[in-house]
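What follows draws every value from the coordinates through simple rules; no lab data is involved. Because the structure is predicted, anything quoted here is derived from the model rather than measured. Cβ sites come from the backbone with ideal geometry, for glycine too, and all protein chains shown count toward neighbours.
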Amino acid sequence: MIFDQLKPQIEKIVNNKSNALQLNDRLLLICELLEANVPHYNWVGFYFKNGNKNELKLGPYVGAPTEHTTIPFGKGICGQVALSNQNFVVPDVSAQDNYIACSITVKAEIVIPIFVNGKNIGQIDIDSNTPNPFTNEDERFLEFVCRKVACMLS
Ligand code: SME
């Protein structure tokens, strides 16, 4: 299973303290690893809470450029996860009322929150051009990724 092969590579990126890689470099490497190896991951990015503001700010990402670099809490799938602290799996984005479209090719989306010291500080956001592609395995794997990212941030 591809996720089992990717986990050690995620750990390598996270634990690699020997070189001058900055936090955003590591986050970008994680995006690149996921987008390149999981066929149904077509846009992979991180959003983080913007200081004290109730909004998310786009961090490193791979995929089509998006104009949604700032998302208010509550808006779109990402903004809802900022408030709910829950995974949000969207099998069909066209069925969502509160959705921010980035590209017409996107059919599905998954957003998993990142917790540092119990606080929701951001999220990984993945768009798929495949309808209904996400399973429990995606959720468990991405929760693993988010725990590793949280370690880097804490
Ligand atoms: N679709 C997201 C916006 C971010 S883009 O997918 C990059 C949302 O509804 O929050």
Scoring the chain by relative contact order with C-alpha pairs under 8 Å, at least six apart, yields a percentage of 22
If one builds a Gaussian network model of the chain from Cα atoms under 10 Å apart, the most fluctuating residue listed among Asn129, Asn120, Asn54 is Asn54
A correct Karplus calculation of ³J(HN,Hα) over region 102-119, with 6.51 cos²θ - 1.76 cosθ + 1.60, θ = phi - 60°, whole Hz and x for Gly and Pro, returns 9, 8, 6, 7, 6, 10, 8, 8, 9, 10, 10, x, 10, 10, 10, 6, x, 9
Output for region 36-135: GluC sites (Glu not before Pro) sitting in coil per DSSP, at most 15 other Cβ within 10 Å, listed by number, reads Glu67
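As an exercise, identify the trypsin sites (Lys or Arg not before Pro) in region 1-73 lying in DSSP coil whose Cβ has no more than 13 other Cβ atoms within 10 Å.
Numbers: sites: Lys12, Lys17, Arg26, Lys49, Lys53, Lys57; in loops: Lys17, Lys53.
Hits after loop and neighbour filter: Lys17, Lys53.
Below 13 angstrom from the Cβ of Ala82, what's the summed charge of the other residues (Lys, Arg +1; Asp, Glu -1)? The partial results should precede the final answer.
Working: positive: Lys49, Lys53, Lys57, Lys75, Lys119; negative: Glu55, Asp125.
Local net charge: +3.
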Measuring from its Cα centre, region 34-147 shows a charge dipole (+1 at each Lys and Arg Cβ, -1 at each Asp and Glu Cβ) which, in debye to the nearest 20, is 440
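For the chain, report the convex hull volume of the alpha-carbon atoms normalised per residue, in Å³, without decimals. Walk me through the numbers on the way to the answer.
Values: hull volume 16.5 nm³, N = 154.
In the chain, the Cα convex hull volume per residue is 107 Å³.
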Under 18 Å between C-alpha atoms, the lysine pairs in the chain lying 8 or more places apart or on different chains count 13
Once the dipole of region 1-142 is set up from charges on Cβ (+1 Lys and Arg, -1 Asp and Glu), the residue from the list Cys102, Gly79, Pro65 lying farthest towards its positive end is Gly79
